[in-house]
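Engineer: Quick one: this structure, given as structure tokens, is what I'll be asking you about.
Bear in mind these aren't lab numbers, they're just calculated from the coordinates by the rules spelled out. Every value quoted in this text rests on a predicted model; they were computed, and no experiment measured them. With ideal geometry, Cβ positions are generated from the backbone for all residues, glycine too; neighbour counts draw on all protein chains shown.
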Ligand SMILES: C[S@@+](CC[C@H](N)C(=O)[O-])C[C@H]1O[C@@H](n2cnc3c(N)ncnc32)[C@H](O)[C@@H]1O
């Protein structure tokens with residue numbers, strides 16, 4: 001447990017003070033489709049055995065992105081072991097660098113922060129595009145396969161761009177290039193030293209890897225808790241580009257995921273999946289109802305951007321599908 005306070009030692013004597021303090025780690029990056037607004041609803045739907053004991057033996061997130069639920073669970077529960085996966089190499093670099101070289105990352109971010117903050121409006125804009133160009137031109141010859149020193153600089157660019165771009169989101173175009181324009185935050189917190197050190201602590205006993213969601217297969221066992229948060233199904237069925245990766249996520253992927261969900265159900269794991277409800281746009285659309293027929297399908301209200309340009313907010317339905325009641 002992470003609570004400050006009295007712990008019971010093996011002799012049942014409760015006078016020993018724990019030096020452990022409560023974790024405060026939160027996502028180190030703002031991610032499109034991040035689930036911060038859904039946390040209460042997700043927590044209310046955790047398996048009873050987990051909610052009662054406040055302990056998760058094994059947690060798996062095959063589409064981790066910014067990891068809103070992972071960090072929430074690390075703050076509020078004891079998570080003994082976790083496996084985080086995503087097909088976006090850049091976000092995985094971020095996690096791995098915070099796991100392995102948090103202090104070096106902080107040093108690099110401090111340099112970027114000083115250089116940016118001390119410039120006037122126009123100079124900041126030029127600086128942003130200079131970093132964005134560097135970041136994008138590195139892609140062709142960057143070694144994404146093996147952890148090395150260059151990952152630290154790349155992670156610092158990722159966080160810098162995320163904190164200073166328009167809307168603070170990370171998006172890539174079809175060629176894998178970061179294409180969000182400059183934002184105008186007065187005092188962006190580019191180097192959040194405390195949170196980086198907290199995220200480093202939260203990533204203890206955690207394996208982070210790049211790959212397709214099916215790569216998590218061998219880690220999912222009986223009683224594991226698995227949270228699936230795949231890219232939303234586009235309203236326009238002809239477009240599968242989601243801005244997360246060059247590959248996109250089309251109806252064939254949704255079917256692959258449903259098949260995976262069923263085979264992990266057979267293993268006896270607890271499964272929770274969220275998705276946008278296509279009935280927000282067409283009340284007769286039963287795509288997911290058919291795909292997950294027989295499972296526990298709920299529609300809940302969530303605050304979210306309603307259209308893909310992100311300039312309209314409102315309450316829409318979100319789907320939460322579980323293999324338990
Ligand atoms: C809706 S976002 C997850 C957001 C996350 N729950 C959060 O709180 O930030 C979906 C994620 O799935 C990833 N993704 C897309 N296709 C994938 C695939 N085939 N396998 C694994 N991850 C994939 C994207 O890169 C993206 O990070």
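Engineer: Based on the Kirkwood radius over alpha-carbon pairs, what value in µm²/s does the Stokes-Einstein equation return for the translational diffusion coefficient of region 150-189 at 4 °C and 1.567 mPa s?
Structural biologist: Calculated translational D: 122 µm²/s.
Engineer: Starting with the fewest neighbours, write out 274, 224, 58 ranked by other beta-carbon atoms found within 10 Å of each beta-carbon.
Structural biologist: Fewest-to-most Cβ neighbours within 10 Å comes out as 58, 224, 274.
Engineer: Based on alpha-carbon centroids, what's the gap between region 182-225 and region 84-108 in Å, whole number please?
Structural biologist: Taking the Cα centre of each part, region 182-225 and region 84-108 sit 8 Å apart.
Engineer: Report the semi-axes of the equivalent ellipsoid for region 89-195 in whole Å, largest first, where each axis is √(5λ) for an eigenvalue λ of the Cα gyration tensor.
Structural biologist: 21, 17, 11
Engineer: For region 156-176, list residues with backbone N below 12 Å from a point placed 7 Å from the Cα of residue 139 toward its Cβ?
Structural biologist: Residues 171-176 fall inside that zone.
Engineer: Counting each DSSP H run of 4 or more residues in the chain as -39500 (n - 2.57), what helix-only mean residue ellipticity at 222 nm follows after dividing by all residues, to the nearest 500 deg cm²/dmol?
Structural biologist: Counting only the DSSP helices, I get -10500 deg cm²/dmol.
Engineer: Here is a further query. Can you compute the FRET efficiency between residue 22 and residue 187 using 1/(1 + (r/R0)^6), with r the Cβ-Cβ distance and R0 = 45 Å? Round to the nearest 0.05.
Structural biologist: Computed FRET efficiency for residue 22 and residue 187 comes out at 0.95.
Engineer: I want to check the label-to-label distance for residue 201 and residue 36. Put each point 7 Å from Cα in the C-beta direction and report it in nm to one decimal.
Structural biologist: In this crude spin-label approximation the distance works out to 2.0 nm.
Engineer: Given the options 103, 22, 74, state which has the largest fluctuation in a GNM of the chain using a 10 Å cut-off (strictly under) for Cα springs.
Structural biologist: With Cα springs under 10 Å in the chain, the top fluctuation among 103, 22, 74 is at 22.
Engineer: For residue 259 and residue 117, FRET efficiency with R0 = 45 Å and r from the beta-carbon atoms, rounded to 0.05?
Structural biologist: Taking R0 as 45 Å, the efficiency between residue 117 and residue 259 is 0.35.
Engineer: Turning to a different aspect of this structure: Going by C-beta contacts inside 10 Å, put 130, 197 in order with the fewest on the left.
Structural biologist: Sorted ascending by nearby Cβ count, the order is 130, 197.
Engineer: Cut-off 10 angstrom, C-alpha nodes, Gaussian network model of the chain. Which of 213, 284, 71 fluctuates the most?
Structural biologist: 284
Engineer: How far is it, in nm, from the label point at residue 285 to the one at residue 175 when both lie 7 Å from their Cα along the line to the Cβ?
Structural biologist: 3.1
Engineer: Using only Cα atoms, figure out Rg for the chain and give it as a multiple of 2.2 N^0.38 Å.
Structural biologist: Working it through for the chain, the quotient is 1.04.
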